[in-house]
Amino acid sequence: MKTKIINAHILTMCDENFEIPSGCVCIDDKKIVKVCAQSECDFVADKVIDFQGDVLMPGFVNAHAHNAMVIFRGVCDDADLQDWLYDNIFPLEANLCYDDVYWGTKFACMQSVQSGITTVLDEYFVPDAIIKATREVGMRAFVSTGVKIDDGGDRLKFLYDNKQKYGEMFDDLIKEYAYCHGVYTFTDKQIEDTIRYAKEQKLVSTIHASENLAEVGGCAKEHNDMSPIEYLESLGYFDQPALIAHGVCVDKDDIAILQQYDVSVATNPASNLKIGSGIAPINSFLTRGVNVCIGTDGCASNNALDFFRDMYLTATLQKGVLNDPKVVPAKEVLKMATINGAKALQLDDVGLVKENYQADLIRISTKTFAMNPVNNLVSNIVYSASKSDVVMTMVAGKIVYENGKWTNVDEPTKVIEHCQKCIDDLKERARKSGQYQK
Ligand SMILES: [Zn+2]
């Protein structure tokens, strides 16, 4: 099907032609075939969508998320990372079932597309449940078959067995990546095996690294005084494209290592603040040429799935910490939220409004209070808007969310009811198993 979007205020995210105030985007099936000024368009389409001056921009790339953890929203707040993880999250996760992940992922994907997120790197268990739910909502995603820490003692075999089991579920929309949780939960051997798998399968790898001081101290003690970044380098982790989640507690030497490789950093400001981990030195990454993108992290630590809040924090925290309002400008943050995320995930046709790119597009209203008056639309989006200003989300040419309705979800309230039942039953199972004391 050929679709033409007219009367759009386009923010392309391209270095040239960043803004087209009265523009037109032509889509053939999944891809953008033409981007031009309204007056220059002669494309004949089956369907015409009039944006009435609203913003059209690439969808957001959520570069670090644990979607199904939305069912843990509010189970443990105001606690530090180690308590949160070892006394709450891990005991509950030990008792997870397929339905918990399926309904949680579905609910998170609904909130994501409502927030303008079109691509997510989802780090969670039960890959078939994640893929089914994500596909149903219609998002682009990266899913790993190797999130489980317990791999039976042979991670490489575990990963290849899972490749056999789940390999056919991946396609252009839902791709595989290679996962390690962190340097404190995975052994040298597990990390090395995952690197080998990523290399052989040509996958992007991701790991939580330098999230808080306890992790950095623990790594130094365990691994010859090395920081998590130094340790990962020593294992060859950065020899293939990699994405580090968090990068909060890094020093100059760590950043000097990262800048030598094809490594991106996904910053998760809301989660890092709420869990008391600190503030990532985004400005230092940027000034040294390290690609920075944005993640929401999971809803057990964020607790929202509102990408606008993370964009706002990404921009403003650095200004406050450095006493310099000129650092991390709004336009840079929009690039982090889109094209930088796509780069981090090695997606070469996502993140720009450009010919031959995927039609992963969002419409942000210019009629809402938060988006007015219009002096600077880029500033309005980063500093003033929220997810409620997103009125349409399109993935690969298909509208998946529009004006409070999800194309492929008939009864949103049923999804909420399922999630509530899942978390209630899960707590009960975890209590009975003796692992969870609350
Ligand atoms: Zn995380």
Among the listed residues Lys274, Lys252, Lys221, identify the single one that is basic (Lys, Arg) and within 13 Å of the ligand (Cβ to nearest atom).
Lys274
On the given criteria, is Phe107 under 21 Å from Gly295 (Cβ atoms), surrounded by 20 or more Cβ atoms within 10 Å (Cβ to Cβ), more than 16 Å from the ligand (Cβ to nearest atom) and of a type outside the set (S, T, N, Q)?
yes
Answer yes if at least one residue in the range 95-104 is crowded, with 24+ Cβ neighbours inside 10 Å and more than 16 Å from the ligand (Cβ to nearest atom), and no otherwise.
yes
Candidates Val395, Val400, Val353, Val382 - the one that is within 25 Å of Ala63 (Cα to Cα), in contact (Cβ under 8 Å) with a residue 40 or more places away in the chain and in contact with a Lys or Arg (Cβ under 8 Å, 6 or more places away or on another chain):
Val395
Within the range 280-321, how many residues are without any contact (Cβ under 8 Å) to a residue 60 or more places away in the chain, within 15 Å of the ligand (Cβ to nearest atom) and polar (S, T, N, Q)?
1
Out of all the residues in the range 211-232, is one or more in a loop (DSSP other than H, G, I, E, B), closer than 25 Å to Asp324 by Cα and either small (Gly, Ala, Ser) or touching a residue at least 24 places away in the same chain (Cβ under 8 Å) (or both)?
yes
Picked from the range 35-46 (must be of a type outside the set (Phe, Trp, Tyr) and buried (at least 16 other Cβ atoms within 10 Å of the Cβ)), the residue modelled with the highest pLDDT is Val35
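Conditions (1) under 29 Å from Glu402 (Cβ atoms); (2) under 21 Å from the mean Cα position of the chain (by Cα); (3) aromatic (Phe, Trp, Tyr), marked per residue:
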| residue | (1), (2), (3) |
| --- | --- |
| Gly116 | yes, yes, no |
| Arg140 | yes, yes, no |
| Lys157 | no, no, no |
| Lys163 | no, no, no |
| Gly182 | no, yes, no |
| Gln190 | no, no, no |
| Arg196 | no, no, no |
Filter the range 149-164 for residues that are polar (S, T, N, Q) and within 15 Å of Tyr124 (Cα to Cα) and give the result.
Asn162
What pairs come up if the first residue lies in the range 248-268 and is in contact (Cβ under 8 Å) with a residue 12 or more places away in the chain, the second is part of a loop (DSSP other than H, G, I, E, B) and of a type in the set (Asp, Glu), and their beta carbons are under 6 Å apart, counting only those six or more places apart or on different chains?
Val248/Glu211; Asn268/Asp297
Looking at the range 65-113 only, could you name the residues that are more than 17 Å from Glu123 (Cα to Cα) and charged (D, E, K, R)?
Asp77, Asp78, Asp80, Asp83, Asp87
Within the range 76-87, track down each residue that is farther than 23 Å from Ser144 by Cα and either open to solvent by less than 20 Å² (accessible area, probe 1.4 Å) or touching a Lys or Arg at 6+ places or on another chain (Cβ under 8 Å) (or both).
Cys76, Asp77, Leu81
For the range 117-136, name all the residues that are within 16 Å of the ligand (Cβ to nearest atom) and either hydroxyl-bearing (Ser, Thr, Tyr) or open to solvent by 10 Å² or more (accessible area, probe 1.4 Å) (or both).
Tyr124, Phe125
Output for Cβ contacts, cut-off 8 Å, separation at least six or different chains, first residue in contact (Cβ under 8 Å) with a residue 60 or more places away in the chain and among the hydroxyl-bearing types (Ser, Thr, Tyr) in the range 2-30, second assigned to a loop (DSSP other than H, G, I, E, B) and open to solvent by less than 10 Å² (accessible area, probe 1.4 Å), reads Thr3/Ala359; Thr12/Val353
Can you confirm whether Phe43 is in contact (Cβ under 8 Å) with a residue 12 or more places away in the chain and either hydroxyl-bearing (Ser, Thr, Tyr) or within 27 Å of Ala396 (Cβ to Cβ) (or both)?
yes
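The values are calculated or read from the model by the stated rules, or taken from the named source; none is laboratory data. Predicted model only: the values in this text are computed from it and were never measured. FYI the Cβ positions are ideal-geometry reconstructions off the backbone, even for glycines, and counts take in every protein chain you see. Quick note on the areas: whole protein, heavy atoms, side chains included, nothing else; ligands and nucleic acids left out. Shrake-Rupley method; radii C 1.70, N 1.55, O 1.52, S 1.80 Å.
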